[in-house]
Each structure stands twice: as C-alpha cells, then as structure tokens.
Amino acid sequence: MTAGESLRLQRTGPGESVLRISLARPEVHNAFDAALIGELRRVFRRLDDEPPHRLRAVVLQGDGPSFCAGADVTWMRASLGLTREQNEQDAMVLAEMLDAIDRCPVPVVARVQGAALGGGMGLCAVSDLVIAESGAKFGFTETRLGILPAVISPFVIAKIGETHARALFPGGRRFDAMRALRIGLVHEVVEGLDALDAAVEVALSDILAAGPTASRAAKAIVREVRGLPHESTRWHTARRIAGQRASAEGQEGLRSFLEKRSPAWRSPRD
C-alpha cells in the first residue's frame, strides 16, 4: 500500500500487522487540505480488503509538534471562491473520510500531541482509543471562524454525548487534555512524548493479545447494536457469540485456555 505526499505509512508489529499512518504535513501542524483528506479516505477504504492475519491494528499519528490543527489556511482561503454546491462537495469528501476511519475493520489508536483542533477533533472521535500527551490542546474552534463543526458532529456526539457538545460547540474555546479525558474524547493522558509512545505500545500489545477475528468482531458489534431495538439486540448478539465460539479461532482460544498455553495467534513470550 502506498500513500501520497501528505501521508506516511509504515508496517510494524508481528507479521507487519500493525499499520502506522502518519499525517506528514508538520510545517502546517498537519492541517487538512483536499489532498490530505483524499489520501486518508483512500487509504482507510482500502483497509477493508486486508484479511485479519494481515492487519490487526492501526495507529493514527501526526509528524512534528501537532497531531492535527484543523483546516489549512491556504485551503480555507481557496474556499472563499467556491459556490454553495462546491462547498457541499468539499464537505461530503470530509464526511466520507471520517466515515472510512470510523468503519475501519480493526481498532484505530490515535496518538495525540500538541494540538487537535477542528477536524483534528473529528479524527479523535472516529478513533477507537485516543491517547494524549498532557500538554495537548483540544477545541471545536470552527465557530471562531464563523463556521461550525457540522461534518464532524455525528461522530463527536456519539463519542462525548449531547451535553458536552452543547457546552463546547458554540463558543469554540480550547481546552486541555484532562477535560478531553473527562468528557470521553480521550481515554488516557500521559506525561511526555516517551510516555506517549510507551502507552501506544501497551495499547497495541492488548489488541495483539486478542484473537484477530475476535478483535474485529468486538469492534463491529458496537456499531451493529448502536441502532437496534432491545429485542433485536438479544438475537443479534446471541448469533454473533455463537458464530465466534464455533469458529476455528474461538475453538483454539478455549482449548489454549484449558491447556494453559498461548493461543496460536500469540507468541509464547507474550
């Protein structure tokens, strides 16, 4: 898999099953422009075709001092000349990019440092696990530019809830990592970049300890039950667990537990 100039891809982990996707525009704090949005959409859409043994986790990170500082100034300036229809098309591409990340078949771990503003908040919202350095700053800053956090809102509200969105969307105030932790946008806050890298590695170890298909199915079930009525969730979840128990991976996991050994997907040293 290749990326354009705005992204850097690296395979690591056992069998190169961890994909690290780096926003590679540090000179503008990894701010979004049309090229970066398009590349992210393309890369994440292609991950749907990766089999469980080949792809087990994704790390989303930013080069340089910031994770993602929202929209690029040059790109915003160009939008001044767009018609309403062209603005709608631009917004739809951003929505499709966020949806592609949200639907990624494996867990996405966001490594956040510096700034996560505007669209960068959207990236946090569609990541499954967000780990932030304590000095990171967050904010739905769109309203201070006379616009609004519309495209990211479905993903953000699903993550932090309506009450926090209503408190934070209108004023656009920036806030620290501890508040991001309290509202559920961030899951862990650490001190310093070395600790940030270490926490990401621990998170990856946890994911890699799970069965490859089980990990994917566990992520998928969150989306699957999201809109189902209660009666439907009982049948759906019963079928899902029955299928996983009967699978080769489920059988191996149970046998390895009973035989007090590591399952086939883990190395003995794990």
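Structural remarks
- Number of residues in segment 223-247 that are surrounded by fewer than 10 Cβ atoms within 10 Å (Cβ to Cβ) and either in the same structural domain as residue 56 (by TED's automatic domain parsing) or not small (Gly, Ala, Ser) (or both): the value is 4.
- Residue 5 falls short on exactly one of the conditions (1) in a helix (DSSP H, G or I); (2) surrounded by fewer than 14 Cβ atoms within 10 Å (Cβ to Cβ); (3) among the acidic types (Asp, Glu), and that condition is (1).
- Taking the criterion of being among the aliphatic types (A, V, I, L, M) and under 22 Å from residue 223 (Cβ atoms), the residues of segment 132-168 that qualify are 150, 151, 152, 156, 157, 158, 160, 165.
- Among (1) at pLDDT below 85; (2) surrounded by fewer than 17 Cβ atoms within 10 Å (Cβ to Cβ); (3) more than 27 Å from residue 118 (Cα to Cα), the one test that residue 250 misses: (2)
- Any chance residue 159 is surrounded by 15 or more Cβ atoms within 10 Å (Cβ to Cβ) and not assigned by TED's automatic domain parsing to the domain that holds residue 66: no
- Residue within segment 140-148 that is closer than 24 Å to residue 193 by Cα, in contact with a strand residue (DSSP E or B) (Cβ under 7 Å, 6 or more places away or on another chain) and assigned by TED's automatic domain parsing to the domain that holds residue 183 present: no
- Selected residue (criterion: nearest to residue 112 (Cα to Cα)) from residues of segment 16-53 that are exposed (fewer than 14 other Cβ atoms within 10 Å of the Cβ) and out of contact with any helix residue (DSSP H, G or I) (no Cβ under 7 Å at 6 or more places or on another chain): 27
- When residue 51 is tested against (1) touching a Ser or Thr at 6+ places or on another chain (Cβ under 6 Å); (2) free of Cβ contacts under 8 Å to residues at least 12 places away in the same chain, only condition (1) is not met.
- Residues satisfying the stated conditions in segment 1-47, i.e. modelled with pLDDT of 95 or more, polar (S, T, N, Q) and more than 28 Å from residue 139 (Cβ to Cβ): 10, 12, 17
- Cβ-Cβ contacts under 8 Å between residues 6 or more apart (or on different chains), taken from a first residue in segment 201-224 that is free of Cβ contacts under 8 Å to residues at least 24 places away in the same chain to a second residue that is outside any helix (DSSP H, G or I), are listed as 218/210.
A quick yes/no check of all residues on (1) surrounded by fewer than 17 Cβ atoms within 10 Å (Cβ to Cβ); (2) more than 24 Å from residue 92 (Cβ to Cβ):
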| site | (1), (2) |
| --- | --- |
| 131 | no, yes |
| 146 | yes, no |
| 164 | no, yes |
| 180 | no, yes |
| 194 | yes, yes |
| 200 | no, yes |
| 209 | yes, yes |
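- Segment 1-34: number of residues that are under 18 Å from residue 52 (Cβ atoms) and not assigned by TED's automatic domain parsing to the domain that holds residue 49: 1
- Some residue of segment 184-197 being free of Cβ contacts under 8 Å to residues at least 24 places away in the same chain and within 30 Å of residue 14 (Cβ to Cβ): yes
- Hey, residue 60 touching a residue at least 12 places away in the same chain (Cβ under 8 Å), buried (at least 16 other Cβ atoms within 10 Å of the Cβ), part of a strand (DSSP E or B) and not basic (Lys, Arg) or not: yes
- Test: residue 19 is within 20 Å of residue 130 (Cα to Cα), in contact (Cβ under 8 Å) with a residue 12 or more places away in the chain and in contact with a Lys or Arg (Cβ under 7 Å, 6 or more places away or on another chain): yes
- Total residues in segment 63-83, condition hydrophobic (A, V, I, L, M, F, W, C), in a loop (DSSP other than H, G, I, E, B) and touching a residue at least 60 places away in the same chain (Cβ under 8 Å): 1
- Flag if residue 120 is within 19 Å of residue 36 (Cα to Cα), in contact with a Gly (Cβ under 8 Å, 6 or more places away or on another chain) and at pLDDT 95 or above: yes
The values are calculated or read from the model by the stated rules, or taken from the named source; none is laboratory data. What you see is a predicted model, and the numbers here were worked out from it, not measured in a lab. Neighbour counts are summed over all protein chains in view; Cβ atoms, including those assigned to glycine, are modelled from backbone coordinates with ideal geometry.
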